[in-house]
Amino acid sequence: MQGQRPGARRGIFTTRAQRCGDAFATPLRSALMRRLLPLIALVCAIPVSAVAQDIHMRGVFNLVRAPAADVRPPTGEARAVIDDDGRVRVDLVVSGLVEHPTSATLHTGSAGANTEQVARMDVAASGDEARVIGGRVELTPIVAQQLRASGGYIVLHTSEHPDGFLRAQLLTQARTLGTVSNGP
């Protein structure tokens, strides 16, 4: 072979530096691999679904209780982002209200389900509008998982309807405007 001493066997280093480097590198590599192997196995064993990501949800408010017949129903929407630590950020806005809003509550459950609230938020009211901007709630890991798995809903409560006036069923969004680019 080119660059090799005549009579030298392949795979045996010919210089002292190469022999010393190999003598120290092999045990070091072996020790490093023995320590990293369990960590690598653990990381590979974690299912992709176990690595939580922010979940974006959105819902449009619908009437739970009918207003007076001559009143136009209020309209609005709610958005929620669940982070991997079980914190939820809620933004909602409703306009066209003739009743005074008192609070908004977050519930787990799919459409048609009526479940206990898991969080309560104060609502800012101005004229015929109600809003929560940047409302933050902390959920237990179990409740956060329920919200991720089966969705949830937000109920807007008013002084005239303390048990709920409007409901927005939160549906998971695969993509949001914040995650879409405007070209290549």
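Readers should treat all values here as calculations from the given coordinates under stated rules, not as data from a laboratory. None of these values were measured; they are calculated from a predicted model.
Summary of values
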| quantity | calculated |
| --- | --- |
| Potential lengthening between Ala111 and Leu63 on full extension [0.36 nm per residue; Cα-Cα distance subtracted] | 15.9 nm |
| In sequence order, calculated HN-Hα J values of the stretch 77-94 (Karplus, 6.51, -1.76, 1.60; Hz; x Gly/Pro) | 9, 9, 10, 9, 10, 9, 8, 6, 9, x, 8, 10, 9, 10, 10, 8, 8, 9 |
| Vicinal HN-Hα couplings computed from phi for the stretch 132-137 (Karplus, 6.51 cos²θ - 1.76 cosθ + 1.60; Hz; Gly/Pro x) | 10, 10, x, x, 10, 9 |
